[in-house]
Amino acid sequence: MSTNLTEQDSGYLWARTLEIAAQDAYVGIGFRMPLQLVNPRLHELRRIRVVANYQFGKGASKAFPKTILITRSPNTHRIRHIYNNEELLATYRPKDGLLALSTPGGQALRGIFKPPRLRVEVVPGVEEFIKKGGNVFCKHVQHADPELRPAEEVLVVDEKDRLLAVGRSFFNAEEMLSFKIGVAVKVRHGIEG
């Protein structure tokens, strides 16, 4: 096997070396390489599904099929994002190990669970505001899942059970329905936002 390089080969190697060095330099001065979508390992897929069942209820793991892809943190190599069909379903929260939903993830759960599970239903007239990412105030809440607790992931829906947004609850269901002031749900993503 010959080790002699032609001018063209050496030019390619030189350009590739510069490209790798430039990437290292960007990472070194605070820029990050883009996260890559990869297939989860078996134990990672199991973890995602167990967390989904724990957090949202039995059967929530159906929202995370075997075809999901994940990104891992470049520093800790832990799961960061969960995708299905190139849509972000959820983000793994490192502080508590639970999932923060995106609107496609909310749609998947809405299809699995019957109302009122995980839902906060709003009064007519505020749908456009919430679709654009506006928070849900207590005075806007018409019905809520009686099992909701503060700081849970919720699906904000209209009277016809159409998803408007996903977010985190500030109060339990009883408080949402009885209070007239204050934020009931801090919206993370509206379907148009």
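The values are calculated or read from the model by the stated rules, or taken from the named source; none is laboratory data. Here the structure is a predicted model, which is why all the values come from computation and not from measurement. Using ideal geometry, Cβ is built from the backbone for each residue, glycine included, and neighbour counts are taken over all protein chains shown. The area values use the complete protein model at the heavy-atom level, side chains included, leaving out ligands, DNA and RNA. Shrake-Rupley method; radii C 1.70, N 1.55, O 1.52, S 1.80 Å.
Descriptive notes on the structure:
- Index of the failed condition, Glu152 passing every other in (1) modelled with pLDDT under 95; (2) under 21 Å from Asn53 (Cβ atoms): (1)
- Residue that is exposed (fewer than 10 other Cβ atoms within 10 Å of the Cβ), small (Gly, Ala, Ser) and modelled with pLDDT under 95, where the choices are Gly28, Gly11: Gly28
- Hey, His143 open to solvent by 70 Å² or more (accessible area, probe 1.4 Å) and in contact with an Asp or Glu (Cβ under 9 Å, 6 or more places away or on another chain) or not: yes
- Being part of a helix (DSSP H, G or I) and surrounded by fewer than 21 Cβ atoms within 10 Å (Cβ to Cβ) is not true of Glu192.
- Listed by first and then second residue, the pairs with beta-carbon distance under 9 Å, at least 6 apart or on different chains, first residue in segment 76-92 and charged (D, E, K, R) and loosely packed, with under 12 Cβ neighbours inside 10 Å, second modelled with pLDDT of 95 or more and in a strand (DSSP E or B), are Glu86/Leu69.
- For segment 48-74, the set of residues classified as among the charged types (D, E, K, R) and within 18 Å of Leu109 (Cβ to Cβ) consists of Arg49, Lys58, Lys62, Lys66, listed by residue number.
- Among the strands (runs of 3 or more DSSP E) confined to segment 73-167, the ones with at least 1 residues that are within 21 Å of Leu45 (Cβ to Cβ) and of a type in the set (Ser, Thr, Tyr) are located at 79-84, 87-92.
- Subset of segment 41-63 [without any contact (Cβ under 8 Å) to a residue 40 or more places away in the chain and part of a loop (DSSP other than H, G, I, E, B)]: Arg41, Lys58
- Hits in segment 153-193 - residues which are among the acidic types (Asp, Glu) and free of Cβ contacts under 8 Å to residues at least 40 places away in the same chain: Asp158, Glu159, Glu174, Glu175
- Segment 138-152, residues that are among the aliphatic types (A, V, I, L, M) and touching a residue at least 24 places away in the same chain (Cβ under 8 Å): Val141, Ala144, Leu148
- Condition check for Pro115: open to solvent by 40 Å² or more (accessible area, probe 1.4 Å), more than 19 Å from Ile181 (Cα to Cα) and within 15 Å of the chain's Cα centre (by Cα): no
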